[in-house]
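See structure below.
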Amino acid sequence: MGAHYARREMNLSDTSEGDDVGRVGFDPDAFEAFYREHVEAVQRFVARRVADRDQAADLTADIFVAAIESADSYRAGRGSPVAWLFGIARIVVSAERRRVGRERRATSRVVGRLLLDDDGATRIDERLDAEAQGRRLHEAIACLPEGQRAVLELVAVDQLSVAEAACALGISPLSARVRLHRARGRMTGRLAEYPQKDREPSPRPQEAAP
């Protein structure tokens, strides 16, 4: 009986969470609450992939616009709102990379600036500085096949669980674990080198006086 009520409470919680995200698509108050709750995570996600402040602001705006448009597709049983949002973010960032070299639309740039608070530019600069190592890690794993790289990015860089990464990518947890295992096998030794790059070089020992 106790297990029955525990499952029922879990199902009700999942339904409530799904309803909350679903309202983002048509309820401005729900969107504002959702934005405030997740904007820092999205900014960090973007900062690990781009180094330009204005581009980061635009991408953050684009990700939340895409979330509004896709809100009715969220299913709580498939993963957390953050995992779902990171899945959208990957699509948006990938699309932006494919558009590199083309001039961004003026309206998109304006929307990106409007979503920032007065000190938003400073916060984005701080995110970009803090995530410099993450961007180098992305460069290091760029040689992996797309499927393996995507799982490794979400788990090793964005700190999602394997199940959340699977949700973000729309694959099964088993497939995600297999891809992660293969990616780690290919990158053994290479990933361990990257944290060292943020450290100051050790001072050279002074030569003994003659």
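Determine ³J(HN,Hα), in whole Hz, for all residues of segment 31-36 in sequence, where each value follows from phi through the Karplus function 6.51 cos²θ - 1.76 cosθ + 1.60 and θ = phi - 60°; x replaces Gly and Pro.
Result, rounded to whole Hz: 5, 4, 5, 5, 4, 5.
So if we plug the beta-carbon distance of ALA140 and ARG99 into 1/(1 + (r/R0)^6) with R0 = 25 Å, what FRET efficiency do we get, rounded to 0.05?
For R0 = 25 Å, the calculated efficiency reads 0.55.
For THR188, THR60, which order do you get if you count the other beta carbons within 10 Å of each Cβ and list the fewest first?
By the 10 Å Cβ count, ascending: THR188, THR60.
If each residue of separation counts as 0.36 nm, what is the full-extension length gain between ARG36 and ASP72 once their alpha-carbon separation is subtracted?
On the way: separation 36, 0.36 × 36 = 12.96 nm, distance 1.94 nm.
Full extension of this stretch gives 11.0 nm more.
In whole Hz, with x marking every Gly and Pro, tabulate ³J(HN,Hα) for segment 150-157 from phi via Karplus 6.51 cos²θ - 1.76 cosθ + 1.60, θ = phi - 60°.
4, 5, 5, 4, 5, 8, 7, 9
Multiply the residue gap between ASP54 and SER175 by 0.36 nm, knock off their C-alpha separation, and tell me the result in nm, one decimal place.
Stretched out fully, the ASP54 to SER175 stretch lengthens by 40.0 nm.
From the backbone phi of segment 47-61, what are the Karplus-calculated ³J(HN,Hα) couplings (6.51 cos²θ - 1.76 cosθ + 1.60, θ = phi - 60°) in whole Hz, Gly and Pro given as x?
5, 6, 10, 9, 10, 9, 4, 5, 5, 5, 5, 5, 5, 4, 4
As a footprinting exposure proxy, order LEU169, LEU144 by other Cβ within 10 Å, with the fewest listed first.
Working: LEU169 21, LEU144 18.
Going from sparsest to densest Cβ surroundings: LEU144, LEU169.
At a 10 Å Cβ-Cβ cut-off, how would you order GLU164, GLU69, fewest neighbours first? Walk me through the numbers before you get to the answer.
On the way: GLU164 23, GLU69 12.
With the sparsest Cβ surroundings first, the list reads GLU69, GLU164.
Values quoted throughout were computed directly from the atomic coordinates according to the rules given, and no laboratory measurement underlies them. On a predicted model such as this, the values are computed, not experimentally measured, just so you know. Ideal geometry is used to build each Cβ from the backbone, glycine not excepted, and the neighbour counts take in all protein chains shown.
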